[in-house]
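Below is one structure, written out as structure tokens; the observations come after it.
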Amino acid sequence: MSVSAPTSSVGPGAGPLQRLVAPLIEPSVFDFWAGLINPAWSWARPLARVVERRVEAQDAITLVLQPNRHCGKVRPGQHINVSAEVNGRRTTRSYSITNVPGRDGRIEITVKRVEGGKLSTHLCRDVRAGDVVELGTSFGEMTLNAHPQGKWLFLAAGSGITPLMSLTRQLAAQGMPVELSLIYWAKTRAELCFLRELRDLAQRHANFKLQVVLTHEAQTLADEARGLISAEQVTELVKDLPERQIYACGPGGFVEAARTLTAGTARSFLAEGFTPAAPALIPEATTTVRVQLRKSGRALDVSSGQSLLVALEQAGMNPASGCRMGICNTCVCTKHEGTTSHINTGDQDTEPDTQVRLCVSRAVSDLSLDI
């Protein structure tokens, strides 16, 4: 078996021996043979083995992952890109961690199955203990410092509970040093994740208040309310809003409603939306443009009425992607020539040799991309 020319790289955590032999190793060959012994072993790829799988709520499961030594650190409140082979195609999506990583480095993600979602369906339905997934670099600014202060208000809707759950667990592990109120919206009681634990935390910590809000089911318990987020609802549930620092997470429309309702009143506001808040700014009249892909040597005709990521995928390509909302920057590539438009804002980029995010950019003219 021949060894190719030195093309391998080692990560920042590599030891002296690995750095010494790196010029002699072809990573893909090493990964193949090492994977026969342990699927989570690799030369440099950040992989994680599923060590536990548990049902969290209706159509939602939690996966406990044991990362290998190539995976970086992740903080409560952050996201990671998770990749797996689905029907022979590498698929990537971003998920928030829901635990506080300990000395063993294990991380937990809670996945809600999305109708038509290839990776979420695969993770919820097919993945079992012992399977291996690939992890990306952590990202996200919705974190807490080591010694948080003041009063806090977490607003979560649907899957938006996931980053806020890791932060709640972080504060609980510290003895709940600040006043925290969590308002958690869901359509039905069956869709609520972590409910038993949250109620237990509310009983054990006087500084923690939980309020569940159901939008499609009648409330029956003392900590439940009903209805979509509104000014009247927030005012009734939070009496000291001007003193609160707010973290909000959920669908884009929910996040924007929360932002509007608390603007100018709350002490601070930071949010992350899982879906675009407004409809994409796609013109009624679309054209076909030519996209030159320099690395692959291909030329494609794509519609100007869809994101470049979707257009490339429909053409049979599989560019790297993650959140598909322009947050994680996994799909960033160089645009050498041409004009693109940001799908959500309409801003156009005509400069050559600039970075574009494929998931939130569409072609306005013929393009040349470094793909």
Test: residue in the range 218-229 that is among the hydrophobic types (A, V, I, L, M, F, W, C), touching a residue at least 40 places away in the same chain (Cβ under 8 Å) and either more than 17 Å from GLN58 (Cβ to Cβ) or touching a Gly at 6+ places or on another chain (Cβ under 6 Å) (or both): yes
Between ALA206, ALA172, ALA190, which is open to solvent by 10 Å² or more (accessible area, probe 1.4 Å), outside any loop (DSSP other than H, G, I, E, B) and over 18 Å from PRO76 (Cβ atoms)? ALA190
If we keep only residues of the range 35-82 that are free of Cβ contacts under 8 Å to residues at least 12 places away in the same chain and of a type in the set (Val, Ile, Thr), then the residue surrounded by the fewest Cβ atoms within 10 Å (Cβ to Cβ) is ILE37
Residue pairs, Cβ under 6 Å, 6 or more apart or interchain, first in the range 232-247 and under 14 Å from GLY264 (Cβ atoms), second aromatic (Phe, Trp, Tyr) and at pLDDT 95 or above. List them. ILE246/PHE269
Over the range 254-289, the set of residues modelled with pLDDT of 90 or more, of a type in the set (Gly, Ala, Ser) and in contact with a Pro (Cβ under 9 Å, 6 or more places away or on another chain) is ALA266
Quick check on SER296: is it open to solvent by less than 80 Å² (accessible area, probe 1.4 Å), of a type in the set (Gly, Ala, Ser) and assigned to a strand (DSSP E or B)? no
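The values are calculated or read from the model by the stated rules, or taken from the named source; none is laboratory data. All values derive from a computational prediction rather than experimental measurement. For neighbour counting, all protein chains shown are included, and Cβ atoms are generated from backbone atoms with ideal geometry for every residue, glycine included. Keep in mind that these areas ignore ligands, DNA and RNA; they rest on the heavy atoms of the full protein, side chains included. Shrake-Rupley method; radii C 1.70, N 1.55, O 1.52, S 1.80 Å.
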